[in-house]
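Here is the structure we will look at.
We did not get these values from a lab; they are worked out from the coordinates using the rules stated. Since the model is a prediction, treat every value here as computed from it, not as a measurement. Backbone-built Cβ (ideal geometry, glycine too); neighbour counts: all protein chains shown.
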Amino acid sequence: MIEAVRLRDLQGRVLELGVEDGRWTGHPTAPPLDATRLWAVPGLVDAHAHLAADRLDLRPGDPTEIAGRAFAALEGGVFLCVDKGWCDRSVLSLLRHPPTERPDLQAAGRMIAVPGGYYEGFAVEVDVDTLTEVVADEAGNAAGWVKLVGDWPRRGRGPVANFDEDALRMAVEVAHRAGARVAIHTMAPEVPSMAVRAGVDSIEHGLFLTDEDLSRLGARGGAWVPTIRRVEELVQVLGADSSGGRLLSEGLSRISDLLPQAVQTGVAVLAGSDLTFPSARIGEEVAALREYGLEPADALAAATTRAYRYLGVAAGFEPGLPADLVGFEVHPWEDPTAPPALVIRRGRILSG
């Protein structure tokens, strides 16, 4: 446990802070650990994690394996994960672990789809009569989120909407009454607009969002997690010349115009790993956001300040906040993929 630290933030300011009971204090009472050779952030955020698996693996989560992945994320400087659901609620087992062993967690439980609308047997399957009941159940038994599978490819038809707009609106209303936000998987052209109009909080993937969608989403402070590296990987898996590959490539071609506009309109553009790489490598998605049009500072904010603000989690280098620090030898605006050289969680050095 450290008692004080001297750090340099991304703006180059040098700060000296004490540590007491895992939180920053304003007046160091011991010689500080000098970390000014590094560039410090108060933590990284993975806004589309699936801690139940390393890659797409359609089986129930194992709590021991989940705890291992969570600690690996923590060692990599990821101090907040939003888990966007699984076939079960196994990821919620992390809430039994102290914050020195896992990132802070917001999570959906079981994903919600319709028959034939996701991997067979993996999501909870609903119809119009059971949707609101299942949403209420998931909202009451998760950690702040409900996850809907908004569309899914059908043979010979391409991606097809799983819910109509009225159903989405009902799901959102039920979840919000229970104090949960709603995230939706969508890769079909028409579904992002339906979801935005219905009040869905976070659009996952969302390659076919429109200018009007971004204005509407930004006006209410909604989020967009494009998971660019995941989409690129899907294009490779499907084949660039397949119908699915061509559709996703078309979507990716739109991203460079949409991302800067989204930030300008107030959309919380966030970074997510989505089983493409471990949460600890969330900088790879930050790099993708830069490649597809965001300024370096805006891209990094997708995994730091903007993410914390949208998710309502206080993080920073002010007295009273958790004594969390992730330090990089290279300024992360220059190379967001560089691993951290120092990780401090609640005043404890985890690595470095």
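Quick notes on this one:
- Correct choice for semi-axes √(5λ) of the Cα gyration tensor in Å that was computed from the model, options [x] 51, 20, 17; [y] 46, 22, 18; [z] 35, 22, 18: [z]
- Three-way shape call for segment 1-64 based on the alpha-carbon gyration tensor, with the a/c threshold at 1.5: prolate
- MRE, 222 nm, helices only [DSSP H, n ≥ 4, -39500 (n - 2.57), over the chain, to nearest 500]: -9000 deg cm²/dmol
- Within segment 23-57, backbone nitrogen closer than 14 Å to the virtual label 7 Å beyond the Cα of ILE349 toward Cβ: 31-38
- Residue-span extension gain [ALA219 to ARG59] - 0.36 nm each, minus C-alpha spacing: 53.7 nm
- Counted by neighbouring Cβ atoms within 10 Å, the residues LEU10, LEU289, LEU258 run from fewest to most as LEU10, LEU258, LEU289.
- Farthest toward positive dipole pole in segment 1-159 [+1 Lys/Arg, -1 Asp/Glu at C-beta], among PRO159, GLY61, ALA113: PRO159
- Inter-centroid distance (Cα atoms) of segment 78-108 relative to segment 193-216, Å: 26 Å
- Inter-label distance for HIS176 and LEU95, nm, one decimal - labels placed 7 Å from Cα along Cα-to-Cβ: 2.3 nm
- Segment 52-313 - share of DSSP beta bridges that are antiparallel (%, nearest 5): 15 percent
- Inter-label distance, nm, simple model (7 Å from Cα along the C-beta direction), THR210/VAL237: 3.0 nm
- Additional length obtainable on full extension of the chain from SER253 to ARG157, 0.36 nm per residue less Cα span: 32.4 nm
- Contour excess over end-to-end distance, with Cα ends at GLN264 and THR25 and 0.36 nm allotted per residue: 82.6 nm
- Average Cα contact separation per residue, segment 52-313, under 8 Å, 6 or more apart, as relative contact order %: 14 percent
- Segment 169-304: radius of gyration over Cα atoms, expressed as a fraction of 2.2 N^0.38 Å: 1.01
- Using a simple spin-label model with pseudo-atoms 7 Å out from Cα toward Cβ, ASP335 and GLU295 lie 2.4 nm apart.
- The chain: DSSP helices with Cα axial extent of at least 30 Å and average Kyte-Doolittle hydropathy no lower than 0.0: 243-264
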